[in-house]
Structures are given as structure tokens and as C-alpha cells.
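Everything below concerns the one structure shown next.
The values are calculated or read from the model by the stated rules, or taken from the named source; none is laboratory data. Nothing here was measured: the structure is a model prediction, and the numbers come from that model. No Cβ is skipped: glycine too gets one built from the backbone with ideal geometry, and neighbour counts run over all protein chains shown.
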Amino acid sequence: MISANLTIDPAFRVGAVDRRLFGSFAEHMGRCVYTGLYEPEHPTATGDGFRGDVLDLVRELGPTIVRYPGGNFVSGYRWEDGVGQLDERPRRLDLAWRSLESNQFGVDEFVTWCEQARVEPMMAVNLGTRGVADAVDLLEYCNHPEGTQLSDLRRANGAKEPHDIRVWCLGNELDGPWQIGHKTAFEYGRLAAETARAMRKVDPGVELVACGSSNTGMPTFATWESTVLQECYDAVDYVSLHNYYDPVGKSVGDFLASGVDLDRAIDAVVATADHVGARLKSRRRLQVSVDEWNVWYVSDWDEQAMVDWVEARPLIEDTYDVADAAVVGSLLISLLRHADRVGIACQAQLVNVIAPIRTETGGPAWRQTIFHPFAQAAALARGEVLRVEPRVACYDATDHGEVPYLDATATYDEESGAVTLLAVNRSTDQDLELSAELRAFPDHRLVGATTLAAPDVRTTNSAAHPDAVTPVPNHRVTLSDGWLRAILPPVSWNVIRLAPDTNPATTPS
Ligand code: AHR
């Protein structure tokens with residue numbers, strides 16, 4: 001058994017939990033939109049053609065903001081193809097995913113879907129094949145109240161009120177040679193700056209995200225951010241970070257250390273942005289938008305299979321197991337640990353494409369294992385993130401170095417008094433005995449404790465067994481004399497909730 005100690009004290013604050021940390025991403029890719037979000041022939045379809053079973057699961061998952069329409073897709077997208085009469089919309093080649101795009105779902109459908117899913121829309125503009133003029137046009141279409149050709153077109157298309165989209169991504173991954181309209185850092189930085197300035201003339205209230213690197217393995221990582229931000233630092237609010245974690249070819253122990261890599265990546269982007277800010281003598285501090293993150297079995301992906309031009313070809317529909325759920329939990333902990341500098345984060349993607357929700361066309365929808373850590377963190381991590389500083393032994397995680405067996409963070413909601421502890425036991429074969437000092441919360445009681453684990457870490461959920469992996473109550477948790485003690489099984493994601501006796505939480509575990 002491994003022992004770990006930590007302290008939960010409201011004095012040790014990292015920063016407020018921005019609700020946008022629990023974002024997601026819906027790209028026109030594979031079956032994310034078509035037969036994921038949108039399937040008019042599905043038995044549960046709403047009057048708008050949205051899958052009702054998926055909407056229910058999205059509301060349960062609890063994302064707060066959803067990025068759209070890409071991803072690589074956006075770099076060849078003409079947004080105006082996706083508005084107006086459905087039967088008049090053109091079919092186009094989607095070069096990013098070698099697919100046929102029917103344009104039956106576009107910006108107006110997306111915003112309506114967001115309203116029904118109770119999420120905030122986050123829109124990306126095409127800075128691959130397009131530029132300033134089209135970005136400004138899309139913003140005018142979406143956010144200008146009325147009285148111009150484009151705002152009146154939106155009204156004629158049924159949206160009388162402006163969509164009022166606050167957060168806009170200035171393109172997608174333009175550092176990547178695979179990106180349509182790939183650019184040098186200087187070219188992109190100039191374009192981002194000019195686009196941002198023009199967009200703010202249309203709507204000064206927008207929040208703008210400049211593209212950082214596609215991943216930390218890019219040869220230009222950090223120099224890309226430095227050059228881009230040198231050009232657009234004062235014009236944008238966020239710089240993006242994308243990072244996926246690939247289990248293929250790694251031991252479970254090494255893979256469970258992925259959160260340490262995300263910690264380092266966020267620290268590197270923050271340091272680079274702050275360095276540019278210092279060089280420019282700016283008083284502004286940019287936030288990081290980790291607007292693509294997840295586990296992705298990327299080495300298993302056969303790109304060569306994308307041969308014919310077809311609609312909604314299944315793409316990267318990875319099936320997740322218990323170890324993947326524990327890693328997703330760790331990545332969420334990493335994001336929360338950086339609550340002072342990460343303002344937005346989007347798990348990529350929402351449905352079918354490396355997603356917490358899977359569907360069968362015409363059939364059921366179900367929760368993948370990774371659904372659960374996201375849903376629990378989104379529901380329960382409220383208020384301020386607290387620095388808990390676990391004291392625990394480390395193990396050798398190859399490329400990641402010495403990594404602690406316990407990954408943990410806590411949140412404290414001053415208003416309700418609720419304390420939530422989120423923890424991952426990274427050991428592959430030993431229970432972890434956690435002791436948490438809670439002297440600062442003398443009146444708190446244990447409200448609930450759950451664990452997601454399985455004897456076989458390769459256990460997955462499926463249409464036939466949708467609840468094979470799900471959080472279950474952990475009965476090996478006690479609270480007495482100001483100490484919380486919990487036994488966390490190997491490779492597990494854990495949530496422990498405390499509340500003041502006077503204000504018992506109502507949500508069941
Ligand atoms: O999420 C899948 C793809 O990964 C996105 O389209 C792209 O931005 C990233 O490389």
C-alpha cells in the first residue's frame with residue numbers, strides 16, 4: 001500500500017474555477033456532427049433534427065462551452081454555405097477529412113443546438129483559405145443586431161436576435177504543414193492581428209484566441225508562440241494550446257503520467273506569452289485556451305483509409321477504457337491546477353470522434369468511460385481551486401521522469417461551503433491510502449465518495465454494455481478528528497465531497 005498526505009485549506013488558493021474550463025469541441029469531422037449531434041431520421045430527433053438522446057447525454061456531461069466548426073475542417077470552410085434553406089445549400093469537398101460536406105448543419109443550427117444543450121458557442125473563423133473580410137462577415141452575420149445585409153440575412157433565416165457569440169478562435173493549427181493554408185509564424189501573427197482588430201470594430205466585446213502550436217512535439221513549439229504573439233499580443237485575449245495523449249506503445253504506468261506533460265505544456269505556453277508581454281512592456285496577461293485536449297489512440301489511426309469522397313465517414317472513433325478515464329481525470333486535474341492562467345479548455349471532441357459520447361446511426365447513444373471524470377468534475381469543481389501539495393512517493397515514468405503516484409486537487413465553493421477532492425491513483429498494482437488534513441473545515445461532514453476503477457484496466461463501455469465502467473460509491477472513506485482517510489484502488493479516478501453540516505449538498509454521489 002502506498003501512503004499519501006495532503007492538506008486542504010482555503011488559504012492556499014490557486015484561482016477561481018472558470019466554468020469555461022469544462023468546454024468541449026464539435027467539428028465537422030467523421031460522425032461528430034452528422035449522426036452525432038444531428039440526425040433528422042433518428043427516432044429521438046427533435047423538430048430541428050438534433051438527436052434527443054445525445055442532447056440528454058450532453059446536458060448530463062455538462063460542458064459549458066463548445067468550440068465549432070473545427071479543427072482542420074475550418075481552414076477550408078465557407079460559413080455561408082451552411083445558412084439558409086436546407087435544400088439550397090451546396091455540397092462541397094471537405095479537403096481536411098476527404099469527405100463530402102452536405103452543409104445541412106451550419107452556424108444557425110449550431111447556435112440553436114447550443115441553446116438546447118445549455119452551452120455557450122465558441123466559433124472559429126477560417127484563416128486558412130480565407131482572411132479578414134470573411135471573419136468580419138461571419139461576425140456581422142452572427143452578432144450585429146440588424147439593418148445590414150448580413151445581419152438581416154440572419155434575421156431572414158430565422159434568428160431575429162443576434163447570436164451574441166463571445167469567444168472566437170482566429171483559425172486553427174496554422175503551424176501544422178497538414179493545415180489547409182498553413183503559414184509561417186510571422187504570416188499568421190500578422191493575419192491574426194489584422195483579423196482581431198477588424199473583428200473588434202464590428203463587436204468590441206468579443207474575446208479572441210490566437211493559435212498556439214498544434215502540439216508540444218512540433219519543432220517550432222514555443223518559437224511559434226513567441227513570433228505570433230510578438231505580432232498580435234495586444235489584439236488577442238488567449239493563446240491556444242492543443243495536446244493529445246496517445247496510449248499506444250506505452251506501459252499503463254507511463255501513460256498515467258500524461259497529466260505531468262500537460263502541466264509542463266501549460267507552464268511553457270504561459271512562460272512564452274509572459275516573456276513576449278515583458279518584451280512589449282505590456283501590462284496585459286494573456287490566458288491560455290487549451291481548446292483541444294484528450295486521449296487519442298493516434299498511432300492506431302489509418303489515414304490511408306480515407307479514399308472515397310463520402311459523407312460522415314466514421315473517423316477516429318476510439319473506444320476508451322479505465323486507464324483512459326484515469327488519464328482524462330488527471331488532465332482535468334492539471335487544467336484545474338492552472339486555474340489562474342487557463343481560462344478555457346475544450347475536450348476534443350464531443351460525440352463519436354475521440355469522444356465521451358458514442359452513437360450508432362439510427363441506434364443508441366452511450367457514455368464512454370471518459371464521460372464520467374468530465375461529468376463529475378464539471379458538476380462538482382466549483383469556486384476556488386486549492387493547492388493541496390500531496391506528499392507521496394514517485395515512480396519512474398520513462399519520458400516523464402519521476403512522477404508522484406497520487407495526482408490530486410481540491411476546490412472550495414465559499415458560497416455553499418462545498419469542498420470537492422479529485423484524485424487519481426497512478427499505481428498499477430497497489431491501493432493508495434490517502435490522509436487529508438482538514439483542520440480548516442472543522443464543521444464539514446462527508447457527503448459522498450466515488451471511485452471509477454476495474455480489476456481489468458482494459459474494461460470498456462459499449463452499446464451492449466453501456467455501464468460496464470461507471471463511478472461507484474467508495475465505502476473505504478472516513479472523516480474524523482479533522483482527517484479524511486480514503487483507500488483509492490490502483491488506476492482509479494476518485495471524487496470525495498464534503499460540506500458543512502449546516503448546508504448539506506443535495507446532489508447524490
Ligand atoms: O480533433 C481532431 C483534429 O486534431 C482537429 O481537427 C485538429 O485541430 C487537430 O489536429
Exactly one condition in (1) farther than 28 Å from V248 by Cα; (2) modelled with pLDDT under 95 is not met by H400; state its number.
-> (1)
Pick from segment 325-372, criterion of a type in the set (V, I, T) and not in a loop (DSSP other than H, G, I, E, B), ranking: nearest to G70 (Cα to Cα) | V351
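Conditions tested, residue by residue: (1) under 21 Å from E60 (Cβ atoms); (2) in contact (Cβ under 8 Å) with a residue 40 or more places away in the chain.
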| residue | (1), (2) |
| --- | --- |
| I370 | yes, yes |
| F374 | yes, yes |
| A397 | no, yes |
| R445 | no, yes |
| H475 | no, no |
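Pick from segment 183-224 the residues that are aliphatic (A, V, I, L, M) and in a helix (DSSP H, G or I): which of them is surrounded by the most Cβ atoms within 10 Å (Cβ to Cβ)? Outline the logic, then answer.
Our first condition is that a residue be aliphatic (A, V, I, L, M); within segment 183-224, this holds for 185, 191-193, 196, 198-199, 202, 206, 208-210, 218, 222.
Now drop any that are not in a helix (DSSP H, G or I), which leaves 185, 191-193, 196, 198-199, 202.
Numbers: A185: 21, L191: 22, A192: 26, A193: 21, A196: 22, A198: 16, M199: 23, V202: 18.
Across segment 183-224, the extreme among qualifying residues is A192.
Does segment 74-81 contain at least one residue that is of a type in the set (V, I, T), under 20 Å from F371 (Cα atoms) and within 16 Å of the ligand (Cβ to nearest atom)? Steps first, answer last, please.
First pass over segment 74-81, keeping only residues of a type in the set (V, I, T): 74.
Filter once more, so that each one left must be under 20 Å from F371 (Cα atoms): none.
Within segment 74-81, none of the residues are of a type in the set (V, I, T), under 20 Å from F371 (Cα atoms) and within 16 Å of the ligand (Cβ to nearest atom).
Residues A278, A210, A271, A198: which one is touching a Cys at 6+ places or on another chain (Cβ under 6 Å) and aliphatic (A, V, I, L, M)?
Values: A278 fails: touching a Cys at 6+ places or on another chain (Cβ under 6 Å); A271 fails: touching a Cys at 6+ places or on another chain (Cβ under 6 Å); A198 fails: touching a Cys at 6+ places or on another chain (Cβ under 6 Å).
On inspection, the qualifying residue turns out to be A210.
Go through the residues of segment 131-140 one by one and say whether even a single one is over 24 Å from M306 (Cβ atoms), within 23 Å of the chain's Cα centre (by Cα) and more than 15 Å from the ligand (Cβ to nearest atom).
Within segment 131-140, none of the residues are over 24 Å from M306 (Cβ atoms), within 23 Å of the chain's Cα centre (by Cα) and more than 15 Å from the ligand (Cβ to nearest atom).
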Could you list, in sequence order, all residues of segment 403-439 that are farther than 25 Å from D261 by Cα and out of contact with any Ser or Thr (no Cβ under 6 Å at 6 or more places or on another chain)?
-> Y412, D413, E414, E415, S416, G417, A418, V419, S435, A436, L438, R439
Report yes if some residue within segment 443-458 is of a type outside the set (G, A, S), out of contact with any Cys (no Cβ under 8 Å at 6 or more places or on another chain), surrounded by 16 or more Cβ atoms within 10 Å (Cβ to Cβ) and farther than 27 Å from V14 by Cβ; otherwise report no.
-> yes
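Here is a check on your reading of the model: is T64 within 30 Å of V136 (Cβ to Cβ), touching a residue at least 40 places away in the same chain (Cβ under 8 Å), away from the ligand (no atom under 16 Å from the Cβ) and among the hydroxyl-bearing types (S, T, Y)?
Yes: the conditions hold for T64.
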Among the residues of segment 255-264, is any at pLDDT 95 or above, more than 21 Å from L61 (Cα to Cα), basic (K, R) and in a loop (DSSP other than H, G, I, E, B)?
-> no
Segment 229-240: number of residues that are assigned to a helix (DSSP H, G or I) and under 13 Å from A196 (Cα atoms) = 6
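Just checking: which of the strands (runs of 3 or more DSSP E) contained wholly in segment 1-117 hold 1 or more residues that are under 22 Å from G171 (Cβ atoms)?
Details: elements: 2-7, 13-16, 23-25, 65-68, 92-94, 99-101.
Of the strands (runs of 3 or more DSSP E) lying wholly inside segment 1-117, those with at least 1 residues that are under 22 Å from G171 (Cβ atoms) span 23-25, 65-68, 92-94, 99-101.
Residues checked against (1) within 21 Å of C142 (Cα to Cα); (2) hydrophobic (A, V, I, L, M, F, W, C); (3) crowded, with 16+ Cβ neighbours inside 10 Å; (4) touching a residue at least 12 places away in the same chain (Cβ under 8 Å):
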| site | (1), (2), (3), (4) |
| --- | --- |
| D53 | no, no, yes, yes |
| R59 | no, no, no, yes |
| A96 | no, yes, yes, yes |
| F110 | yes, yes, yes, yes |
Considering only segment 141-178, state which residues are within 19 Å of the chain's Cα centre (by Cα), over 20 Å from D81 (Cβ atoms) and either away from the ligand (no atom under 16 Å from the Cβ) or free of Cβ contacts under 8 Å to residues at least 12 places away in the same chain (or both).
-> R166, V167
